[in-house]
Amino acid sequence: MATLVPDSLHVETTATNGVNGGGKTSKPATSYIEVHESTFWDTDQFSFPKQYKGFVEKVVLPHGLIMDRIERLAQDIITDVFGLDGTGSLSPRTTWDRTVTAKHHSAVDHPRLHVLCILKGGYKFFSDLMDCITRLIRSLGLIASVSVDFIRVKSYLNDKSTGKVNIIGGDVLETLEGKTVLVVEDLIDTGKTMETLLATLKDYKPARLLVACLLLKNTEMRKNGQLSYWPDFLGFKVPDHFIVGYATDYNEFFRDLHHICVVNDAGKEYFRASPSEETAAKV
């Protein structure tokens, strides 16, 4: 895995303790790539949409590196969820005889994964991760079901947290009972939004509740041990800057930027919310 990144990027393998979902203990992310400011790239080394030139300070992660890391995350998820490491009670490779003789899919006790995408920022990560997961299932010859649903969780205005978590699309949560659920999120800051969401999802009694996150901010509170939440699968731990790109936005801008970048002060001012939008967000 370390060969995917420059030597100056650190591959961390230390885990913290955590419990995620459904009353079943899950190990938090045991491997991730830690990115330092010294490894940021200059913007003139990459192609950018013209509307964002002058509004981005540095490139944190180029698109190719993001895609390579997602491919590895898909391998880790498949191994864990479908028990390919030998820990699962049912092998997804040994159920074909029961599949072809069953009269209904509910009679087949094969591994099932329900992937819950957090919109809007998570859609690119979700889409690329799902492509990798389904490609692995086909190439490995697994008998496994994957279903998907979508929700929205909003807690930011401009570059600040509003302190409120608004969950939109809760009607889909009724289907989570008894399933292995993988929540896909693009970015975790303090983790409080995710903890609030997971507390809500647990009320729907999933058999197992896991989180795959592309980016985790290494804030001062996290460095000081004040933040305990960690996802089960993590792509990168990044410095505490306001991150945009790869579907992560600043007031709905920068989602169409392929790379993950730091927005500069000029960008924050130019794309800041209008007074009417700021008023609406405070209501």
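The values are calculated or read from the model by the stated rules, or taken from the named source; none is laboratory data. None of these values were measured; they are calculated from a predicted model. Here Cβ is always computed from backbone atoms with ideal geometry, including for glycine, and neighbour counts include all displayed protein chains. Heads up: the accessible areas ignore ligands, DNA and RNA and are worked out on the full protein's heavy atoms, side chains in. Shrake-Rupley method; radii C 1.70, N 1.55, O 1.52, S 1.80 Å.
Points to keep in mind about this one:
- Any hit, the range 89-108, residues being open to solvent by 30 Å² or more (accessible area, probe 1.4 Å), in contact with a strand residue (DSSP E or B) (Cβ under 9 Å, 6 or more places away or on another chain) and at pLDDT 80 or above: no
- Filter result for the condition that a residue is in contact with an Asp or Glu (Cβ under 8 Å, 6 or more places away or on another chain) and either part of a strand (DSSP E or B) or at pLDDT 85 or above (or both), over Ala199, Ala212: Ala212
- Against the list (1) touching a helix residue (DSSP H, G or I) at 6+ places or on another chain (Cβ under 9 Å); (2) at pLDDT 95 or above; (3) open to solvent by 30 Å² or more (accessible area, probe 1.4 Å), the condition Gln226 fails is (2).
Every residue, every condition in (1) of a type in the set (S, T, N, Q); (2) over 13 Å from Leu214 (Cα atoms), yes or no:
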position	(1), (2)
Ser31	yes, no
Val35	no, no
Thr43	yes, yes
Lys50	no, yes
Lys53	no, yes
Val56	no, yes
Leu61	no, no
Leu65	no, no
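- Within the range 194-222, the set of residues being of a type outside the set (Gly, Ala, Ser) and open to solvent by 40 Å² or more (accessible area, probe 1.4 Å) comprises Glu195, Thr196, Thr200, Lys202, Asp203, Tyr204, Lys205, Glu220, Met221.
- Options Asp80, Asp68, Asp128: the member that is of a type in the set (D, E, K, R), open to solvent by 30 Å² or more (accessible area, probe 1.4 Å), within 24 Å of Leu198 (Cα to Cα) and modelled with pLDDT of 90 or more: Asp80
- Among the residues of this structure, Gly245 does not count as one that is out of contact with any strand residue (DSSP E or B) (no Cβ under 6 Å at 6 or more places or on another chain), crowded, with 16+ Cβ neighbours inside 10 Å and among the small types (Gly, Ala, Ser).
- Each residue in the range 35-65 was checked for being assigned to a loop (DSSP other than H, G, I, E, B), in contact with a Pro (Cβ under 9 Å, 6 or more places away or on another chain) and either open to solvent by 40 Å² or more (accessible area, probe 1.4 Å) or basic (Lys, Arg) (or both), and 2 pass.
- Meets criteria (in contact with a helix residue (DSSP H, G or I) (Cβ under 9 Å, 6 or more places away or on another chain), at pLDDT 60 or above and closer than 24 Å to Val262 by Cβ) for Leu140: no
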